[in-house]
Amino acid sequence: MAAPVATAAPLVPARPTLRALRQAAASCRACPLWKLGTQTVFGEGPAKARAIFIGEQPGDQEDRAGRPFVGPSGHLLDEALVAAGIDRSTIYVTNAVKHFKWEPAGKRRLHKKPNAREIAACRPWLEAELAVLRPQLVVALGATAAQTLMGPQFRITQQRGQNIEVAWAGAFVLTIFVLGLNLVVRFFARRGSQ
C-alpha cells in the first residue's frame, strides 16, 4: 500500500473531467480522513452549472450515501434554494473536504471540524472541480469553505456577503449558510438580464 501524500495534487488527472476526478478521488489517501469516512463524497451537479455551492465537509448521512448535501444541511439548502427561486438541478454542490471527519458519541458519529492539514490535502480536488466547471458564481457556505479558497486570513465577520472578484470564477460570495442566498438571487437576476 502506498504511503499517504502531502496533498491530493498528484492524484488529479492531467486532463480532468468531473467523471475522471470523481473516479480518482474515490481512492484518495492524501490525509488520514479516508480511514474515518465510509467513502469519498465528491461533488455533483451539471458540468455546465453556472454556480457552485461549497460546504465544509460531508456529514454523517452524506458519508453513508456517498452524495453531498443529502442530510440536514442539504435539506436546509434545498429549502433556501426553493425560497430563492433556484432549481437545485442547475447548480453544483461540493465540499472543501471530501471525507467525513467525526468522533464517536455513543452510537452516533458527530461532526468534527477538519484541520488545516486535512483541508490542504483536499484542496486540489476543489481547485480541479472549479477548473472544470469554470462557474460564474462560487458560494462558500461558511468559513472553512471560504478559507480553503481564499486562505486562513479570510474572515467571515469582515467579508461575509461581499461580492469578491477572483480569477477562478465570475464572482465569489461567502455566506453563513442560507442567510446570504438573497445575494445569490440578486447575482442570478443581474446575470439573467444581461
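The values are calculated or read from the model by the stated rules, or taken from the named source; none is laboratory data. Please read all numbers here as calculations on a predicted model, not as lab measurements. In this analysis, Cβ positions are derived from the backbone assuming ideal geometry, glycine residues included, and neighbour counts consider all displayed protein chains.
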How about the stretch 35-59: which of its residues are assigned to a loop (DSSP other than H, G, I, E, B) and over 21 Å from residue 143 (Cα atoms)? 37, 38, 39, 40, 45, 46, 47, 48, 49, 50
Residue set 56, 44; condition crowded, with 22+ Cβ neighbours inside 10 Å, of a type in the set (D, E, K, R) and within 15 Å of the chain's Cα centre (by Cα); output residue 56
Only one of these is in contact (Cβ under 8 Å) with a residue 24 or more places away in the chain, of a type in the set (A, V, I, L, M) and closer than 18 Å to residue 57 by Cβ: 116, 169. Name it. 116
What is the residue count in the stretch 67-111 for residues that are farther than 12 Å from residue 41 by Cβ and β-branched (Val, Ile, Thr)? 4
Tell me yes or no: at least one residue of the stretch 83-95 is at pLDDT 95 or above, surrounded by 22 or more Cβ atoms within 10 Å (Cβ to Cβ) and part of a helix (DSSP H, G or I). no
How many of the residues making up the stretch 16-34 are part of a loop (DSSP other than H, G, I, E, B) and closer than 20 Å to residue 113 by Cβ? 4
Please specify each residue of the stretch 60-71 satisfying the condition of being part of a helix (DSSP H, G or I) and basic (Lys, Arg). 64
With (1) hydrophobic (A, V, I, L, M, F, W, C); (2) modelled with pLDDT of 90 or more; (3) surrounded by fewer than 20 Cβ atoms within 10 Å (Cβ to Cβ); (4) closer than 15 Å to residue 54 by Cβ as the list, and residue 177 as the residue in question, which single condition is left unmet? (2)
Which number in (1) under 30 Å from residue 15 (Cβ atoms); (2) part of a helix (DSSP H, G or I); (3) modelled with pLDDT under 90 marks the one condition that residue 79 misses? (1)
Do we find a residue being touching a helix residue (DSSP H, G or I) at 6+ places or on another chain (Cβ under 7 Å), of a type in the set (D, E, K, R) and part of a loop (DSSP other than H, G, I, E, B) anywhere in the stretch 103-111? no
